[in-house]
Amino acid sequence: MILRLASALIGRWLFFGISIAMPEPSDAFRIGFAMNTDNLLSMTAIDKRFAGIPALSGASFAVGRGEVHALIGQNGAGKSTLIKVLTGYYKRDAGEVVFDGKPFEVSSPQQAQASGISTIYQEINLVPYRSITENICLGREARRCGLLDWKRMHQEAEALLQRFNVRADVRRPLMEFNTATQQMVAIARAIGFSAKLVIMDEPTSSLDEREVAVLFNVIRQLKQEGVSVVFVSHKLDELYEVCDRVTIMRDGRTVKTAAMNEIDKIGLVSAMLGRAIERAEGHATAFSDRDEKKIGKVLLSAENLAINQIVQDVSFNVRSGEIAGFAGLLGAGRTETARLVFGIDRPHAGSMIFNGQTFDPHKPSDAIAAGMGFCTEDRKSEGIVPDMSVAENMMLALMPKLSKSGVIDEKAQRDIVERFIRQLGIKCSGSDQKVRELSGGNQQKVLLGRWLAMNPRLLILDEPTRGIDVGAKAEIQALIKTLADQGLAVLMISSELEEVIEGADRVFVLREGISVAEFDRDEATEDAVMSAMAHGSAPTVAEAAP
Amino acid sequence: MTRPRLISLLGSYGVVLALLLLILFGWARYDYFLGLFNITSVLRYNSMFALVALGMCFVIMTGGIDLSVGSTAALGSVVAALASPQGAWIGLGAGVGAGLCVGLINAILVTRLKIMPFVATLAMMLAASGTALLLADNQSVSVSYESGFTSIGQDNFIGFPIPAWIAIMAYVVGWVVLNFTSTGRGVLAVGGNEDATRLMGLPADRIKFLVYLASGGLAGLAGVILASQFGAGQPIEGVGWELFAIAAVVVGGTLLTGGVGSVGATLAGVLLLGILFNVLNFENGKGWISLSAYWQSVIRGLFLLVVVILQAKLSSRGSVAVRDY
């Protein structure tokens, strides 16, 4: 014992000695040294394989005490796998983990949590039927005389949410609240565990600007309290705002670790992609200028659609070979309008014309029969069937067409699946891999493939690139553009302004359930669209309509 | 009170309301419906179902199912009858122990070997039934009358049937466990979203293990009461009990998909179905109509459908109850 103490002291002395003896240590060297002595977590040479396919190979990752450390990379780069290895959800095949000075061996998230690692997962992982209190306090319940002390638990939950400026009846089931509140609950839960390390996997994807600001304040608070944070995000600007260092992953390896103030955005992106960026300057998305000559006649037009309070008066049209964009704030009624078009809900008022005929879909199959496809916003719950294979997921909508008197034509099916896997560049071990094992970007491609296999004339895309990393985002945007060039009409809903402005040939702005403005490509500047989103003041629809 | 709130309350307490209406109907129509004899015999008989339904309620709240409860009760009754000469308590322990064994195997099959609950408990339903028939040599096994074993099912305590006391105690314990222990809340969390529960760091497998074990134990206890009440272990009894239990649980508003449920409403569901049976018997006794047992099943089935449809309508408009109280 005394010996060990002595050797630790000598180690300290040596460290000081060296740092004094070295006249001008390079920054990298100093960081490297700081890591060795003051790391809360270090993962070294981690390997993980799924069915023989490496998801992590030799990944190394270190987080200092009280440090906010960004972890970025393309989809499938291995971020989620690395995190799940750390939290014991997966068992690593090789490598070593040291946490808080001790070798770290956990076999379940429960143990990781008990050791001081809390995780907020990308997809909100809570129990919708249960109350906010339960979702926050499950696993560390307050007790009195051995029984649950509901009063104190409610108070605790309220106090935790207060830190995020969230006011909510914590007794109500979680599912009654919007996504942002649910996300805050997930974060409150993680922080409530008085963790030493909080892992946030894309915590901001469902938050608005104000909520993001609140979250960042909480992260800074945690940092002051000496808690370390691992921050996974695809929004590069956010990293600069709140992170100290960044580790970049690619193909299951950690390719670069740097201090945030030493690396610029181009550096981040090129390290993620592993190549110099080909995009022209001034373009933030992969929608390069489109050939407008290919745009055909009006395919779908909707007049004065209304349902409940959410959609009050929406008119728009989409032409063949055109990408029409829906811009608007959360709750502007964009998704709800798309649901009307696709026959999921029925409008209380208004009319639609599709392909020259009155169009009044009672159910989605009517819309599908007419030649429409709909990639929903919520991939997980409304799109993919996670336990089914890539092929099965792709064939779901096509099944009725491909079967001859009830028997599915296996060969035709395989041909189509293989073609789309190739065309869309879906990364999977084969068409029979389960979709749940794919990354978000590849899941989205499978969904695109599902609808493209139907040979649709109009494709509705609701947030097609949400939760997808920069590289795959560009791929999907390029794909959408190609599809439109081939004559497909695309109705694209996106909360990312630049995506709508650069991607769409025309932009319709919805505000509080009313279509307040329409812009052509050259009129659609960020300022114009944003002011229409915010105030509804813009050229009137009547004037701008063709 | 706002409309959605009212609907939500109706959804939660609809089964209690229906129960009260049925009792009111019976009281108004039949002379001896609320007589002491009828009340005690209804309670005495239905306490067995109540115990089985309580275990089923917990299993269903985790999103699972336990089809083996009927056979387990039959096995419990046979084992208890065989052990009854050694004493009442030993008979009781043996019956419950037999149930726990079946529950243990179910729990291992479901949580360790990851076999679907439907399949695992279906297999155990056949196995337990077969074991009961083997042990009983294909006939009912008379219990020992000297050891006092029969008083478990036949005697009263403070003017109230002992089986009903047992059921009431079980429900109080169940209610406390569900609402005031972390395991109980875990049951609902696992049923609501098992993946999330695991990621939250809760012991999902241990929770599921416990509910199958408890369901087996409660079914064994029901078997003990069965043997004691009828003076014999009944290897061929218990057929269809699992369906009655599932029906009672569903009528009580517990979602078959798991995640939402209530112990109190399950008890109300048991009583509702039990008293409905009782009312049909009274109606037969009046002589206006004469319904065979088959017709009674048809009526109970229709009644169940009506309740479930009403609940679906209500719950789609209102919202689910978060807590029992």
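A few remarks follow.
- The residue list B:Ser297, B:Ser290 contains one member that is in a helix (DSSP H, G or I), at pLDDT below 80 and either surrounded by fewer than 16 Cβ atoms within 10 Å (Cβ to Cβ) or not β-branched (Val, Ile, Thr) (or both), which is B:Ser297.
- The one condition from (1) modelled with pLDDT of 90 or more; (2) in a loop (DSSP other than H, G, I, E, B) that A:Pro23 does not meet is (1).
- Boolean, B:Tyr145 is closer than 30 Å to A:Pro173 by Cβ, of a type outside the set (Lys, Arg) and away from every other protein chain (no Cβ under 14 Å): no
- All told, A:Arg92 meets the bar of being basic (Lys, Arg) and modelled with pLDDT of 90 or more.
- Residue match in segment A:133-149 (condition: at pLDDT 85 or above and farther than 23 Å from B:Thr62 by Cα): no
- Qualifying residue in segment A:78-86 (condition: closer than 19 Å to A:Val232 by Cβ, among the hydroxyl-bearing types (Ser, Thr, Tyr) and modelled with pLDDT of 90 or more): no
- Scanning segment A:145-161 turns up no residue that is facing chain B (nearest Cβ under 8 Å) and touching a residue at least 24 places away in the same chain (Cβ under 8 Å).
- If you go through segment A:92-112 and keep only what is in a loop (DSSP other than H, G, I, E, B) and within 14 Å of chain B (Cβ to nearest Cβ), you end up with A:Val106, A:Ser107, A:Ser108.
- Those residues of segment B:152-206 which are within 11 Å of chain A (Cβ to nearest Cβ), touching a strand residue (DSSP E or B) at 6+ places or on another chain (Cβ under 9 Å) and charged (D, E, K, R), in sequence order: B:Arg185
- Checked across segment A:367-380, the condition of being at pLDDT 90 or above and hydroxyl-bearing (Ser, Thr, Tyr) holds for no residue.
- Segment A:113-137: number of residues that are within 9 Å of another protein chain (Cβ to nearest Cβ), touching a residue at least 40 places away in the same chain (Cβ under 8 Å) and either more than 25 Å from A:Thr81 (Cβ to Cβ) or touching a Cys at 6+ places or on another chain (Cβ under 6 Å) (or both): 6
- The residue of segment B:150-167 that is nearest to B:Ser262 (Cα to Cα), among those that are aliphatic (A, V, I, L, M) and in contact with a Leu (Cβ under 9 Å, 6 or more places away or on another chain), is B:Ala167.
- For segment B:255-280, filtering for residues that are within 14 Å of chain A (Cβ to nearest Cβ) and either of a type in the set (Gly, Ala, Ser) or under 13 Å from the mean Cα position of the chain (by Cα) (or both) leaves 4.
- Some residue of segment B:173-190 being over 29 Å from A:Lys84 (Cα atoms), of a type in the set (S, T, N, Q) and surrounded by 20 or more Cβ atoms within 10 Å (Cβ to Cβ): no
- Test: residue in segment B:64-75 that is part of a helix (DSSP H, G or I), at pLDDT 95 or above, farther than 23 Å from B:Leu271 by Cα and not acidic (Asp, Glu): yes
- A:Arg92 of a type outside the set (Gly, Ala, Ser) and surrounded by 15 or more Cβ atoms within 10 Å (Cβ to Cβ): yes
Condition check ((1) in the same structural domain as A:Thr376 (by TED's automatic domain parsing); (2) closer than 24 Å to A:Ile368 by Cα; (3) touching a residue at least 24 places away in the same chain (Cβ under 8 Å); (4) under 20 Å from the mean Cα position of the chain (by Cα)) across all residues:
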| position | (1), (2), (3), (4) |
| --- | --- |
| A:Arg414 | yes, yes, no, no |
| A:Arg422 | yes, no, no, no |
| A:Gln433 | yes, no, yes, no |
| A:Glu437 | yes, no, yes, yes |
| A:Gln443 | yes, yes, yes, yes |
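- Matching residues, segment A:352-386, being closer than 18 Å to A:Arg319 by Cβ, surrounded by fewer than 16 Cβ atoms within 10 Å (Cβ to Cβ) and of a type in the set (Gly, Ala, Ser): A:Gly356
The values are calculated or read from the model by the stated rules, or taken from the named source; none is laboratory data. The structure presented is a predicted model; accordingly, all values stated were derived computationally and were not measured. When we count neighbours, we look across all protein chains shown, and the Cβ atoms used for this are built from the backbone with ideal geometry, even at glycine.
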